[in-house]
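A short write-up of the structure that comes next.
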Amino acid sequence: LQTVTRFYVGILGGIAGVLGGAWLILAPFALGYQPNNAGWADATKVDVSTGIGILVLGLVSVATFAAGLAATLRAEGALPPRARRAPAPPEPEEASGEVAELRSVLVRLAAALENHEQTEPPGERHGEPAATPARERRAS
Amino acid sequence: MNRATRLGLVATVVTLLGAAWLMLAPFVVGYQPQGHDWVTATRNDLVVGGALLAVSATALFSILVLSVRALRRAAALRAHQDC
């Protein structure tokens, strides 16, 4: 617990900074020391600029201490390790030897089948004459 | 102390400086008239600046003390393992 307490303290400090900065930005208008329909008074300029700075610093504090907390918990095994991207699958190698021969045979076979289907008269594909009724075929 | 913690510490130190500036600003910039009661802006800046100063100083001190303790504990553990 002691190893992570400092991160909690930092996160709480950052949250206080965020809240304080937000209040500083709003205060001139909420407390009324910025007159309506007038240029910004010196107090307004100081409060708004300082408030923005403290708000941003508070956000940075929260983000960095939260990241440190997560890294420490991960190192101690209290959090699961960060998922890494799976390595890209290897590029398919150029076919060689038997694979290349098999591929060329398959390509030729596919071309022959396609050619056969194109030249065959319609209705007689797959060896079944479509126009002949089943009973006649049995009789013959 | 990792890089994120160092960056967080720097942010805390700058916040502390900003809070100190906020407390000085009414008198440096001059929107608090001399010899008069504090105006609303001055009161607000002193209260918010004081609170932020206290919080950031406490956080800074605690983080430094706890980090040094963690470093010493890690060094002692390493020395024990070497023996």
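No value in this document is a laboratory result; all are computed from the given coordinates. Bear in mind the structure is a predicted one, so any value in this text is a computation, not a measurement. Ideal geometry is used to build each Cβ from the backbone, glycine not excepted, and the neighbour counts take in all protein chains shown.
Which whole-number percent gives the relative contact order of segment A:1-56, counting Cα pairs below 8 Å spaced six or more residues apart? About 44 percent, as a whole number.
For segment A:1-119, the square roots a ≥ b ≥ c of the C-alpha gyration tensor eigenvalues yield an a/c of 1.5 or more together with a/b not exceeding b/c, which makes the shape oblate.
Taking label positions 7 Å along the Cα-Cβ direction at both A:Arg84 and A:Glu98, the computed distance is 3.5 nm, reported to one decimal. Considered as an equivalent ellipsoid built on the Cα gyration tensor, the protein assembly as shown has semi-axes of 76, 32, 15 Å, the largest given first.
Using only the Cα atoms, work out Rg/Rh for chain B, with Rh taken as the Kirkwood radius, to two decimals. List each step's numbers first, then the result.
Numbers: Rg = 19.7 Å, Rh = 15.3 Å.
The Rg/Rh ratio comes out at 1.29.
With both labels modelled 7 Å from their Cα along Cα-to-Cβ, the B:Arg73 to A:Ile52 distance reads 4.2 nm. At most 16 other Cβ atoms within 10 Å and a DSSP loop assignment: could you name the chymotrypsin sites (Phe, Trp or Tyr not before Pro) in segment A:1-98 that fit? Loop-located and lightly packed - A:Trp40. Whole Å is fine, so just give me how far the alpha carbon centre of segment A:27-93 lies from that of segment B:12-83. Taking the Cα centre of segment B:12-83 as reference, the centre of segment A:27-93 is 18 Å away.
Which of the trypsin sites (Lys or Arg not before Pro) found in segment A:10-88 are loop residues per DSSP with 16 or fewer other Cβ atoms within 10 Å of their Cβ?
Details: sites: A:Lys45, A:Arg74, A:Arg82, A:Arg84, A:Arg85; in loops: A:Arg82, A:Arg84, A:Arg85.
When the trypsin sites (Lys or Arg not before Pro) of segment A:10-88 are filtered for loop state and at most 16 Cβ neighbours within 10 Å, A:Arg82, A:Arg84, A:Arg85 remain.
For segment A:13-46, no residue has its backbone nitrogen under 12 Å from a point 7 Å from the Cα of B:His36, taken along Cα to Cβ.
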